[in-house]
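Contents: one structure, followed by commentary.
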Amino acid sequence: MAEQVFNVLFLCTGNSARSVIAEAILNKLGLGRFHANSAGSQPKGSVNPHTIKLLRGLGFDTSAYRSKSWNEFTKPGAPKFDFVFTVCDNAAAETCPLWPGQPMTAHWGVPDPAAAQGSAAEIAMAFKDAYRMLNQRIAIFVALPIGKLDQLSLKNRLKEIGRMDSATAKAREPS
């Protein structure tokens, strides 16, 4: 019997940085057990160039990534999601569409690297920090024994992942 593939949607307002990074990470770490998508409530229309640069530098194929509206996933024929995660505070506060299948939801807020200011190195570090935080959370998520947890335990685990202190602590540059 084939193992279930879980469909996951990462949401952020602009769908140009954090949600795209999360989509890339889960599709890599999920090893075929998960299929990730990303979307935004007010998509920017293109993926942030720093997101593309970071992901390419880490060996990701970025050719399919695009900034898209969450409305794409409310239409007939859209995938049914098992999980929906907001990765920015704005999206978490917005009224989200009703997703078919009533997926589990959680908020995994990460500071917006696209809002970073400063030198090129400081902006690159903001994107690396977002990647690190999301990678840590997603690695824990894919390791969960999803099929063995009851709904309440799974929901609590997903919330715990979003509250991880180490996942939100800023990385320090080497001395």
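Every number in this text was worked out from the coordinates using simple rules, so none of it is lab data. Computed from a predicted structure; not experimentally measured. Note that we place each Cβ from the backbone using ideal geometry, even for glycine, and neighbour counts take in every protein chain shown.
Note on ARG33 and ALA121: with the Förster distance fixed at 35 Å, the Cβ-Cβ geometry gives a FRET efficiency of about 0.45.
Rg/Rh for the chain stands at 0.95; both radii use Cα atoms, and Rh follows the Kirkwood definition. Taking only the C-alpha atoms of the stretch 38-83, Rg followed by Dmax gives 12.6, 36 Å. Rounded to two decimals, the Cα radius of gyration of the stretch 49-123 over 2.2 N^0.38 Å is 1.35. Cysteines in the chain that lack a partner Cβ within the 4.7 Å cut-off: CYS96. Using only alpha carbons, the stretch 17-64 has a radius of gyration to Kirkwood radius ratio (Rg to Rh) of 0.96.
At 25 °C and 0.890 mPa s, what whole-number value in µm²/s does Stokes-Einstein give for the translational diffusion of the stretch 104-161, with Rh from the Kirkwood sum over Cα pairs?
189 µm²/s
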